[in-house]
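One structure below.
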Ligand code: FAD
Ligand code: EPU
């Protein structure tokens, strides 16, 4: 049992995580912390380190599958006003880690800041999207990032230039740190054009993928080198396959959607099935993109 007495104002026990993820599945966090600023966050990290408690950070929960049994590790969420604010300054747009990317991208595209439109329709927070280097066929978040402010694993607040994050496919190297804010390049362009592109990319995405209101985590697997996970699962004949309340999407086979009554275990069964079938048919090992907690 850990002692969290100093953190009563920002700690809640047994918080259901189902309401905090796009899958709306899974059990509770035994301890959820919502620090109000970066110094309080750093304090939580240092206390966890002293107590030998593991911790995880929850963004928008758009790339997570929480198991039905819930999470014993400390879960941290950046919901306070300082983590939700955005600011334009000296050729940059600064945004807190908790800012909703769907909103930021829409706003920036309407105002004519180039590059944001490539991320149209991708849910999550600024922190989660940087961690995952969110993106797709039209581009990723990496070239937009100027620098990030992180709380390190040791509980120190540092600024890292984008070049230090070694962005790669669905990955940024944060050294285990937590993004508290980021500065993006604000490159002016014709607002009509960025907004037109934004709408075009949004339409293209949701012409080929399940809609945002379907419960999913986006693509379950990363694309293997020179292959498409969606096509491999489709060619394995698995579209529409169900386990309990979960289903391999009939629209895009790399999405597993949750229906009423689904459990996280149902999604896990389909993940295992897809992986085994593709391995048996093609000898290709598919790596998870969704993070399982
Ligand atoms: P979470 O799911 O909460 O967390 C993901 C990871 O980021 C975890 O490891 C978490 O610990 C870490 N993390 C979260 N916040 C921070 C922080 N502040 N500091 C450090 N680490 C942090 N992704 C794409 O790339 N392209 C797509 O086209 C796409 N389409 C999607 C469509 C749908 C309908 C859905 C539901 C998801 C889609 N995704 C897509 C996946 C998801 O949008 C991205 O992975 C997004 O970056 C997740 O952000 P999040 O804030 O929800 O992170
Ligand atoms: N395909 C099929 N069957 C399917 C799905 C796809 O045959 O069920 C085929 C398509 O016809 C296409 C190819 O596979 O020829 C690739 O499909 P798509 O263009 O839909 O792209 P993707 O590689 O499946 C990637 C990202 C998406 C991103 C889109 C668009 C990954 C794993 N996926 O999808 O990102 O939205 O490009 O930019 O990199 C995510 O990461 O969560 C995600 C949704």
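The values are calculated or read from the model by the stated rules, or taken from the named source; none is laboratory data. What you are looking at is a predicted structure, and each value in this text was computed from that prediction instead of being measured. Methodologically, a virtual Cβ is constructed for each residue, glycine included, from the backbone with ideal geometry; neighbour enumeration extends over all protein chains shown.
Answer yes or no: is there a residue in the range 186-208 that is out of contact with any strand residue (DSSP E or B) (no Cβ under 9 Å at 6 or more places or on another chain), away from ligand 1 (no atom under 11 Å from the Cβ) and in a strand (DSSP E or B). It would help to see each step written out before you state the result.
Of the range 186-208, the ones out of contact with any strand residue (DSSP E or B) (no Cβ under 9 Å at 6 or more places or on another chain) are 190, 192-193, 195-200, 202-204, 206-208.
Among the residues that remain, those that are also away from ligand 1 (no atom under 11 Å from the Cβ) are: 190, 192-193, 195-200, 203, 207.
Among the residues that remain, those that are also in a strand (DSSP E or B) are: none.
Scanning the range 186-208, I find no residue that is out of contact with any strand residue (DSSP E or B) (no Cβ under 9 Å at 6 or more places or on another chain), away from ligand 1 (no atom under 11 Å from the Cβ) and in a strand (DSSP E or B), so the answer is no.
Would the range 217-231 turn up any residue that is in a helix (DSSP H, G or I) and touching a strand residue (DSSP E or B) at 6+ places or on another chain (Cβ under 8 Å)? Break it down stepwise before answering.
As a first pass, look at the range 217-231 and keep what is in a helix (DSSP H, G or I): 229-231.
This time we only want the ones that are touching a strand residue (DSSP E or B) at 6+ places or on another chain (Cβ under 8 Å), so: 229.
Yes, there is a match, as at least one residue in the range 217-231 is in a helix (DSSP H, G or I) and touching a strand residue (DSSP E or B) at 6+ places or on another chain (Cβ under 8 Å).
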Filtering the range 244-256 down to residues that are surrounded by 19 or more Cβ atoms within 10 Å (Cβ to Cβ) and within 16 Å of residue 26 (Cα to Cα), which residue is farthest from the chain's Cα centre (by Cα)?
246
Does at least one position in the range 133-142 carry a residue that is modelled with pLDDT of 95 or more and assigned to a helix (DSSP H, G or I)?
yes
Looking only at the range 257-288, count how many residues are assigned to a helix (DSSP H, G or I) and buried (at least 19 other Cβ atoms within 10 Å of the Cβ).
8
Within the range 206-233, can you find the residues that are surrounded by fewer than 17 Cβ atoms within 10 Å (Cβ to Cβ) and within 7 Å of ligand 2 (Cβ to nearest atom)?
208, 222, 228, 231
Can you name the condition, by its number, that residue 39 falls short on among (1) under 15 Å from residue 150 (Cβ atoms); (2) surrounded by 16 or more Cβ atoms within 10 Å (Cβ to Cβ); (3) away from ligand 2 (no atom under 16 Å from the Cβ)?
(2)
For residue 138, all conditions in the list (1) in contact with a strand residue (DSSP E or B) (Cβ under 8 Å, 6 or more places away or on another chain); (2) farther than 30 Å from residue 43 by Cβ; (3) within 13 Å of ligand 1 (Cβ to nearest atom) hold save one; what is the number of the exception?
(1)
Quick one: which strands (runs of 3 or more DSSP E) lie wholly within the range 30-104 and hold at least 3 residues that are in contact (Cβ under 8 Å) with a residue 24 or more places away in the chain and touching a strand residue (DSSP E or B) at 6+ places or on another chain (Cβ under 7 Å)?
55-58, 74-77, 92-96
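Being touching a helix residue (DSSP H, G or I) at 6+ places or on another chain (Cβ under 9 Å), part of a helix (DSSP H, G or I) and either farther than 30 Å from residue 52 by Cβ or at pLDDT 95 or above (or both), is that true of even one residue in the range 159-168? Talk me through it step by step, then tell me what you get.
Initial filter on the range 159-168 (touching a helix residue (DSSP H, G or I) at 6+ places or on another chain (Cβ under 9 Å)): 162, 165, 167-168.
Filter once more, so that each one left must be part of a helix (DSSP H, G or I): 162, 165.
Now restrict to residues that are either farther than 30 Å from residue 52 by Cβ or at pLDDT 95 or above (or both): 162, 165.
Yes, the range 159-168 contains a residue that is touching a helix residue (DSSP H, G or I) at 6+ places or on another chain (Cβ under 9 Å), part of a helix (DSSP H, G or I) and either farther than 30 Å from residue 52 by Cβ or at pLDDT 95 or above (or both).
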Please go through the range 162-173 and pick out each residue that is near ligand 1 (Cβ under 10 Å from one of its atoms) and crowded, with 21+ Cβ neighbours inside 10 Å.
172
Under 7 Å between Cβ atoms, which residue pairs at least 6 apart in sequence (or on different chains) link something in the range 121-150 that is more than 21 Å from residue 212 (Cβ to Cβ) with a partner that is within 6 Å of ligand 1 (Cβ to nearest atom)?
148/179; 150/174; 150/178; 150/179
When restricted to 78, 65, the only residue modelled with pLDDT of 95 or more and within 16 Å of ligand 2 (Cβ to nearest atom) is 65
